[in-house]
Amino acid sequence: MGGESQTQHHWQGVLSSALDAVGHTPLIRLDRIAKEEGLKCNLLGKCEFFSAGGSVKDRIAKRMVEHAEKDGILIPGQSIVIEPTSIGLALACALKGYKCIITLPAKMSLEKEVMLRALGAEIVRTPTEAAWDSPESHIGIARKLRKSIPGAVILDQYSNPHNPLAHYYGTYEEIMYSLKTSDLPRKDISLLVAGAGTGGTITGIARAIRDNEKSLVNGDAASHKRTTVLAVDPEGSILGGGEPGNYQVEGIGYDFFPEVLDPNPPVVDEWIKTNDEESFAMTKRLIRRESLFVGGSSGSALSGAIRYLLSPAGDEIAKDPSANVIVILPDGVRNYMSKPWFLETAKSAAAVEEEDLRDVIRNVLGRDLGDVSGVVVEKVEGEGKVQQDGEV
Ligand SMILES: Cc1ncc(COP(=O)(O)O)c(C=O)c1O
């Protein structure tokens with residue numbers, strides 16, 4: 001599959017549109033969390049919220065659209081793109097002038113809907129509980145609309161080979177370039193951890209890892225230990241085993257096996273199940289400890305990674321200071337700001353920790369921090385107008 005990559009690793013010159021700013025995301029050390037967990041390995045997050053549309057899905061949207069244009073499947077001025085759930089696709093359609101209809105399960109956040117509308121897409125909400133093959137699901141409704149709307153095209157991330165290929169050529173190569181140009185002692189991946197939705201991300205990166213392992217020649221082969229690939233799946237999804245059920249985390253898990261997912265060895269070695277509670281707690285920890293504005297499924301991926309590393313199976317990697325653990329952090333918290341799990345400020349570790357400082361501020365001001373009801377605002381001579389919100 002080699003030879004196709006045109007991966008750019010640095011921004012050079014002026015980009016022709018936001019599509020050129022899709023991908024090329026940084027690999028960032030998660031040292032504070034690694035230390036708290038007693039991990040000696042290099043814990044590294046691939047931060048996809050830096051991409052133009054804020055998500056790992058931008059990559060597949062760009063590649064699927066560009067290849068559909070090349071293959072004559074999408075025709076400017078005629079085609080209407082219909083797809084279940086994708087800001088990246090709406091972004092590509094906005095730039096290229098295609099009409100776009102997105103079918104969006106009810107559980108998907110208001111922020112996603114608002115952003116999709118801002119990009120000019122039409123949104124059809126569908127019941128979250130509808131089975132994937134029911135006519136009312138996000139997939140069923142997309143198919144129904146395609147049948148009746150002239151020029152309608154479904155690029156179908158569930159079966160489109162360009163979904164995993166976007167990661168085979170893009171995400172994988174970027175990770176290897178980041179490692180190669182780093183000062184880390186090893187330049188290979190010991191453990192790859194990613195959540196699975198369609199499975200395109202984990203399948204594409206893992207296939208590239210395996211193909212590369214096959215082609216390693218003597219010297220490299222001796223120093224490279226086979227990469228372990230760990231897939232993360234929420235409780236309530238069947239991809240990693242178990243019964244279908246409800247869960248809040250968005251973007252990962254399904255009640256069917258998408259065609260693009262290759263769930264077994266040698267591609268995926270192991271699956272780990274995560275729940276909403278640990279995912280959201282870890283998301284807040286990533287924001288609080290590492291200042292990374294990630295979304296809920298990033299917490300799932302990191303929580304799964306840490307549980308694996310702290311288990312007997314992950315012990316050798318966890319204790320090896322030269323081992324590189326890559327965790328894919330798929331999107332950003334800006335997609336989920338209105339969700340109760342993010343808004344609720346309940347007794348998280350950080351909230352309790354900061355109680356002392358809050359007390360100091362309360363004592364200095366003689367009032368509660370958020371309580372402005374009794375505050376008298378004085379005008380300060382010569383210092384401009386003091387506004388109600390404290391800005392001068
Ligand atoms: C928000 C979000 N989008 C997309 C993905 C990747 O999904 P896929 O398996 O479809 O590549 C994930 C996976 O963790 C995700 O959390």
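Pick from the range 134-151 the residues that are of a type outside the set (Val, Ile, Thr) and under 25 Å from the mean Cα position of the chain (by Cα): which of them is farthest from residue 255 (Cα to Cα)?
Our first condition is that a residue be of a type outside the set (Val, Ile, Thr); within the range 134-151, this holds for 134-138, 140, 142-148, 150-151.
From the residues that got through so far, the ones that are under 25 Å from the mean Cα position of the chain (by Cα) too are 137-138, 140, 142.
On the way: 137: 12, 138: 13, 140: 14, 142: 17 Å.
The extreme case among them is 142.
Would you call residue 184 in the same structural domain as residue 317 (by TED's automatic domain parsing), surrounded by fewer than 20 Cβ atoms within 10 Å (Cβ to Cβ) and modelled with pLDDT of 95 or more?
For residue 184, the condition - in the same structural domain as residue 317 (by TED's automatic domain parsing), surrounded by fewer than 20 Cβ atoms within 10 Å (Cβ to Cβ) and modelled with pLDDT of 95 or more - is met.
Mind listing whichever residues of the range 117-160 are assigned to a loop (DSSP other than H, G, I, E, B), surrounded by 15 or more Cβ atoms within 10 Å (Cβ to Cβ) and within 14 Å of the ligand (Cβ to nearest atom)?
132, 155, 156, 157, 158, 160
Filter the range 124-154 for residues that are of a type in the set (Val, Ile, Thr) and touching a Lys or Arg at 6+ places or on another chain (Cβ under 6 Å); which is nearest to residue 78 (Cα to Cα)?
Among those that are of a type in the set (Val, Ile, Thr) and touching a Lys or Arg at 6+ places or on another chain (Cβ under 6 Å), it is 154.
Considering every residue within the range 253-276, establish whether at least one is in contact with a strand residue (DSSP E or B) (Cβ under 7 Å, 6 or more places away or on another chain), part of a loop (DSSP other than H, G, I, E, B), within 13 Å of the ligand (Cβ to nearest atom) and at positive phi.
Yes, the range 253-276 contains at least one residue that is in contact with a strand residue (DSSP E or B) (Cβ under 7 Å, 6 or more places away or on another chain), part of a loop (DSSP other than H, G, I, E, B), within 13 Å of the ligand (Cβ to nearest atom) and at positive phi.
Would you pick out the residues in the range 65-84 that are surrounded by 15 or more Cβ atoms within 10 Å (Cβ to Cβ) and closer than 21 Å to residue 20 by Cα?
Within the range 65-84, the first condition is being surrounded by 15 or more Cβ atoms within 10 Å (Cβ to Cβ), and the residues that meet it are 65-69, 74, 79-84.
Answer for the range 65-84, where residues must be surrounded by 15 or more Cβ atoms within 10 Å (Cβ to Cβ) and closer than 21 Å to residue 20 by Cα: 65, 66, 67, 68, 69, 74, 81.
If I ask for residues that are outside any helix (DSSP H, G or I), closer than 22 Å to residue 209 by Cα and not hydroxyl-bearing (Ser, Thr, Tyr), which ones from the range 299-333 would you list?
Passing the criteria: 320, 321, 323, 324, 325, 326, 327, 328, 329, 330.
Conditions first: (1) surrounded by fewer than 17 Cβ atoms within 10 Å (Cβ to Cβ); (2) more than 20 Å from the chain's Cα centre (by Cα). Residue 114 passes all but one, so which condition is the exception?
The one condition residue 114 does not meet is (2).
Give the range 277-291 a look and list any residue that's more than 12 Å from residue 195 (Cα to Cα) and either of a type outside the set (D, E, K, R) or within 15 Å of the ligand (Cβ to nearest atom) (or both), or say none.
Once the filter is applied, which keeps residues that are more than 12 Å from residue 195 (Cα to Cα) and either of a type outside the set (D, E, K, R) or within 15 Å of the ligand (Cβ to nearest atom) (or both), the range 277-291 yields 278, 280, 281, 282, 283, 286, 287, 291.
Looking at 315, 331 in this structure, which one is of a type in the set (D, E, K, R) and closer than 18 Å to residue 227 by Cβ?
Among 315, 331, only 315 is of a type in the set (D, E, K, R) and closer than 18 Å to residue 227 by Cβ.
For the range 157-176, indicate whether the set of residues that are of a type in the set (Asp, Glu) and more than 21 Å from residue 48 (Cβ to Cβ) is non-empty.
No, because not a single residue in the range 157-176 is of a type in the set (Asp, Glu) and more than 21 Å from residue 48 (Cβ to Cβ).
Does residue 214 satisfy the criteria of being basic (Lys, Arg), more than 25 Å from residue 133 (Cα to Cα), assigned to a helix (DSSP H, G or I) and at pLDDT below 95?
Yes, satisfied.
Do we find a residue being within 19 Å of the chain's Cα centre (by Cα), modelled with pLDDT of 95 or more, more than 27 Å from residue 209 (Cα to Cα) and surrounded by fewer than 24 Cβ atoms within 10 Å (Cβ to Cβ) anywhere in the range 255-276?
yes
Would you mind finding the one in 90, 52, 34, 21 that is of a type in the set (Gly, Ala, Ser), within 18 Å of the chain's Cα centre (by Cα) and over 30 Å from residue 126 (Cβ atoms)? Break it down into steps so the answer makes sense when it comes.
On the way: 90 fails: over 30 Å from residue 126 (Cβ atoms); 52 fails: over 30 Å from residue 126 (Cβ atoms); 34 fails: within 18 Å of the chain's Cα centre (by Cα).
Result: 21 is the single residue among 90, 52, 34, 21 that is of a type in the set (Gly, Ala, Ser), within 18 Å of the chain's Cα centre (by Cα) and over 30 Å from residue 126 (Cβ atoms).
Name the pairs whose Cβ atoms lie under 7 Å apart, with the first residue in the range 334-363 and at pLDDT below 80, the second polar (S, T, N, Q), and 6 or more positions between them or separate chains?
351/345
Can you tell me which residues in the range 307-324 are closer than 16 Å to residue 31 by Cβ and within 16 Å of the ligand (Cβ to nearest atom)?
None; the set is empty.
Let's see how each residue does on (1) farther than 22 Å from residue 23 by Cβ; (2) in contact with a helix residue (DSSP H, G or I) (Cβ under 8 Å, 6 or more places away or on another chain):
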site	(1), (2)
187	no, yes
200	no, yes
206	no, no
229	no, yes
234	yes, yes
242	yes, no
250	no, yes
253	yes, no
260	no, yes
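Any residue in the range 230-251 that's free of Cβ contacts under 8 Å to residues at least 24 places away in the same chain and not assigned by TED's automatic domain parsing to the domain that holds residue 307: show its pairings with residues that are assigned to a loop (DSSP other than H, G, I, E, B) and within 11 Å of the ligand (Cβ to nearest atom) at Cβ separation under 6 Å, as long as the two are six or more apart or on different chains.
Listed pairs, sorted by first residue: none to list.
Name the strands (runs of 3 or more DSSP E) wholly inside the range 11-107 in which the number of residues that are on the phi < 0 side of the Ramachandran plot, of a type outside the set (S, T, N, Q) and without any contact (Cβ under 8 Å) to a residue 60 or more places away in the chain is 3 or more.
Per the criteria, 99-105.
Being away from the ligand (no atom under 12 Å from the Cβ) and either part of a loop (DSSP other than H, G, I, E, B) or not basic (Lys, Arg) (or both): is that true of residue 250 here?
On the way: away from the ligand (no atom under 12 Å from the Cβ): no; either part of a loop (DSSP other than H, G, I, E, B) or not basic (Lys, Arg) (or both): yes.
When the stated conditions are applied, residue 250 does not pass them.
The values are calculated or read from the model by the stated rules, or taken from the named source; none is laboratory data. Quick caveat: nothing in here was measured; it's all calculated off a predicted structure. Backbone-built Cβ (ideal geometry, glycine too); neighbour counts: all protein chains shown.
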